[in-house]
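A short write-up of the structure that comes next.
The values are calculated or read from the model by the stated rules, or taken from the named source; none is laboratory data. Model, not experiment: these values are computed from the prediction. Please note: Cβ atoms are built from the backbone with ideal geometry, for glycine as well, and neighbour counts cover all protein chains shown.
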Amino acid sequence: MYGYMGKLLVVDLTKRELKDEPLNEQYARNFIGAGGIACRYLADMIDEKTDPLGPDNVLIFMTGLLTGTGGPSLTRWIAAARSPYTTFYADANAGCFFGTELRFSGYDGIIIKGIADKPVYLYIKDGKPELRDASGLWGKNVSETISAIREEHTDERTRVACIGQAGENLVLFANIMTEYGHCAGRAGMGCVMGSKRLKAVAVRGKAKIPLADPEKFKEIARSTMEDVRGGFISEYLHALGTCGWVDSGTEFGDVPSKYFTAPPIPEVAEISGTTQSETCQVNTTGCFGCPIRCRKVLHIKEGRFKCDKPEEGPEYETLAAWGPMLMINDIGAITHFNTLLNEYGMDSISSGVSTAFAFYLYEKGVINSKDTGGLELKWGDIDAALELLHETGQNRGFGKIIQEGTKRMAARYNRPGESMQVKGLEIPMHDHRAFSCMGLVYATASRGADHNKAGCFVIDQGMGITELGIIPGDRFGDDRAFMVSRMQDVSGFNDCLGLCAAAVIIPETLLALINASTGWNMDLDGLVKAGERIFQLMRAMTCKLGVTPKDDQLPEIALRPIQGGRTEGNVPNMAKMLPEYYKIRDWDEVTGKPSKERMAALDMGDLVTVFKIS
């Protein structure tokens with residue numbers, strides 16, 4: 001199996017059994033890697049009766065097809081399971097060094113079953129796995145855990161994926177974390193890991209990935225590395241990071257403020273990537289094989305949150321969710337929030353939006369200081385936000401309510417339609433009222449509101465992929481159904497390769513890398529078909545776990561126009577776009593599932609029974 005290590009590690013924590021299993025070659029050929037392969041395995045392992053926090057839920061770590069090959073920005077891996085947060089299928093994508101080192105340790109992925117009787121961590125070195133006692137690690141934050149494991153093995157290059165206290169405390173949106181603040185975030189994969197009493201997975205190895213044509217791959221990778229390094233987007237991200245979007249996003253009305261109820265606040269410029277680069281940025285970090293180095297290291301030298309040493313700066317999503325979303329514009333405070341979120345191991349989007357929902361409910365008089373344990377939740381109050389962050393990470397006080405997320409909070413306080421979520425997952429920091437296409441992306445993404453599965457707002461700024469039929473259009477337009485569907489397919493395919501969304505690589509070059517790696521001779525039509533196959537697989541899987549067409553909707557509050565600002569009162573025309581999208585996808589209007597004819601056309605006819613498609 002060129003391009004793959006060819007085996008998985010299967011871990012039964014209940015029985016403390018470890019065994020190797022050959023990677024299913026047909027799954028790999030059809031579903032490429034990462035979330036595609038993981039979802040295909042999970043289709044046979046979990047169903048609507050599976051308790052997300054029980055021993056029967058299966059947690060899978062899976063690398064991308066090109067992860068660790070040395071091509072540019074090909075480093076990503078995923079964690080997948082039934083989500084305890086949404087109850088549906090979810091996978092969470094992460095970068096840095098863990099995924100590449102997992103492959104170097106000898107495996108394409110890990111399948112984790114059962115629940116350990118006491119805290120453990122999994123250690124793999126050169127294809128030899130073992131379970132080790134983690135009782136002394138339980139209760140430690142993320143950086144302490146990583147340092148302790150590296151010290152135990154006297155190897156600073158041991159790569160660790162672990163949970164912090166949020167995962168241990170079963171915070172429903174807990175993340176799995178790696179170094180430098182990288183995370184497999186959203187939908188609670190860290191909570192699943194915590195329920196299994198699995199504190200960490202540590203990997204180290206020297207294995208080489210077998211390639212069909214290693215010399216040709218090296219040649220293509222070398223030239224592509226230079227192309228990526230010199231690209232406009234790469235230079236922009238290297239200079240300003242993802243927070244560079246603050247300035248541009250403000251012009252579009254795309255920086256949500258005050259729980260999505262206000263236009264971007266003018267003061268947001270004080271925390272933008274541009275301002276950071278001029279005032280407190282001291283360095284950058286990057287993932288394995290990445291020429292972009294978009295992650296920022298900040299040194300806050302003055303103010304209440306001044307630090308003795310530099311620390312990881314927030315990404316755009318964290319900056320917006322814990323900044324303007326709460327009407328806070330203090331970069332020192334937001335950087336401190338970011339550090340705490342990384343140490344607890346918590347999703348910054350869901351935690352930020354849920355915290356903002358609490359402030360919103362307080363302003364409306366739905367809750368008061370008696371409900372919040374004495375806290376007065378006034379917009380812009382850093383102390384109140386900080387206390388709620390700690391309470392949420394520790395799953396105590398009013399944090400017990402926030403960690404449930406906005407969907408459960410809205411049900412608790414009888415505010416239907418005011419939870420900013422789709423399928424239980426909070427809407428990210430790209431306002432669908434600024435780019436209508438994002439409303440359709442959020443409504444139809446398999447794991448819930450999700451900007452990473454198709455960043456279509458970039459397309460409607462003029463950055464199309466014409467050879468794949470992805471054409472820019474009016475950002476307020478309602479003719480975006482095909483573009484969204486095609487972009488979802490391409491994004492899903494890229495995820496399964498292990499490619500970072502920040503790296504712009506043209507399809508022809510990606511095909512050359514794939515074919516030199518695997519010897520498949522895939523063409524452009526094959527790429528598009530595989531992308532749709534992966535997307536439809538995940539759709540069928542999430543329908544198996546309970547999604548129906550009623551879940552493919554934006555909440556009422558999301559369809560209220562913003563008064564003032566640059567969105568011009570726009571809301572996406574879901575009544576037009578969603579039916580058009582359903583026809584393009586060939587989804588049943590009653591069940592929401594892809595038709596058996598579409599499944600057969602995508603070479604998935606064998607899964608019709610598994611997904612109960614009639």
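The table for this structure:
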| read-out | value |
| --- | --- |
| Qualifying residue in segment 448-460 (condition: surrounded by fewer than 24 Cβ atoms within 10 Å (Cβ to Cβ) and of a type in the set (F, W, Y)) | yes |
| Output for segment 429-449, where each listed residue is among the charged types (D, E, K, R) and out of contact with any strand residue (DSSP E or B) (no Cβ under 7 Å at 6 or more places or on another chain) | D431, R433 |
| Residues that are assigned to a loop (DSSP other than H, G, I, E, B) and either in contact with a Pro (Cβ under 6 Å, 6 or more places away or on another chain) or in contact (Cβ under 8 Å) with a residue 60 or more places away in the chain (or both), drawn from segment 516-556 | G519, W520, L545, G546, V547, D552, Q553, L554, P555 |
| Count of residues meeting criterion [buried (at least 21 other Cβ atoms within 10 Å of the Cβ), touching a residue at least 24 places away in the same chain (Cβ under 8 Å) and farther than 10 Å from I470 by Cβ] in segment 486-501 | 10 |
| Hey, A166 under 16 Å from the mean Cα position of the chain (by Cα) and at pLDDT 95 or above or not | no |
| So K550, is it within 30 Å of L361 (Cβ to Cβ) and surrounded by fewer than 21 Cβ atoms within 10 Å (Cβ to Cβ) | yes |
| Residue match in segment 125-146 (condition: over 27 Å from L172 (Cβ atoms) and of a type in the set (S, T, Y)) | no |
| Residue within segment 478-499 that is assigned to a loop (DSSP other than H, G, I, E, B) and hydrophobic (A, V, I, L, M, F, W, C) present | no |
| Residue in segment 336-368 that is nearest to W379 (Cα to Cα), counting only those that are of a type in the set (D, E, K, R) and either free of Cβ contacts under 8 Å to residues at least 40 places away in the same chain or outside any helix (DSSP H, G or I) (or both) | E363 |
| Failed item in (1) buried (at least 20 other Cβ atoms within 10 Å of the Cβ); (2) not assigned by TED's automatic domain parsing to the domain that holds S485, with S614 passing the rest | (1) |
| Matching residues in segment 110-143 - criterion: being within 17 Å of E343 (Cα to Cα) and either without any contact (Cβ under 8 Å) to a residue 12 or more places away in the chain or buried (at least 16 other Cβ atoms within 10 Å of the Cβ) (or both) | L137, W138, K140, N141, V142, S143 |
| Residue list for segment 421-476, filter: of a type in the set (K, R) and closer than 20 Å to V255 by Cα | R433, K453, R475 |
| Single condition T406 does not satisfy, out of (1) over 17 Å from G323 (Cα atoms); (2) of a type in the set (S, T, Y); (3) buried (at least 24 other Cβ atoms within 10 Å of the Cβ); (4) out of contact with any helix residue (DSSP H, G or I) (no Cβ under 8 Å at 6 or more places or on another chain) | (4) |
| G71 surrounded by 24 or more Cβ atoms within 10 Å (Cβ to Cβ) and farther than 17 Å from C39 by Cα | yes |
| Conditions (1) crowded, with 23+ Cβ neighbours inside 10 Å; (2) closer than 27 Å to I459 by Cα; (3) touching a strand residue (DSSP E or B) at 6+ places or on another chain (Cβ under 9 Å); (4) of a type outside the set (S, T, N, Q): number failed by G249 | (3) |
| All positions within segment 577-606 that are in contact (Cβ under 8 Å) with a residue 60 or more places away in the chain and more than 21 Å from M438 (Cα to Cα) | R598, M599, L602, D603, M604 |
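Matching residues to (1) assigned to a helix (DSSP H, G or I); (2) of a type in the set (A, V, I, L, M, F, W, C); (3) in contact (Cβ under 8 Å) with a residue 60 or more places away in the chain:
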{"site": "R150", "(1), (2), (3)": "yes, no, no"}
{"site": "Y180", "(1), (2), (3)": "yes, no, yes"}
{"site": "V203", "(1), (2), (3)": "no, yes, yes"}
{"site": "A212", "(1), (2), (3)": "no, yes, yes"}
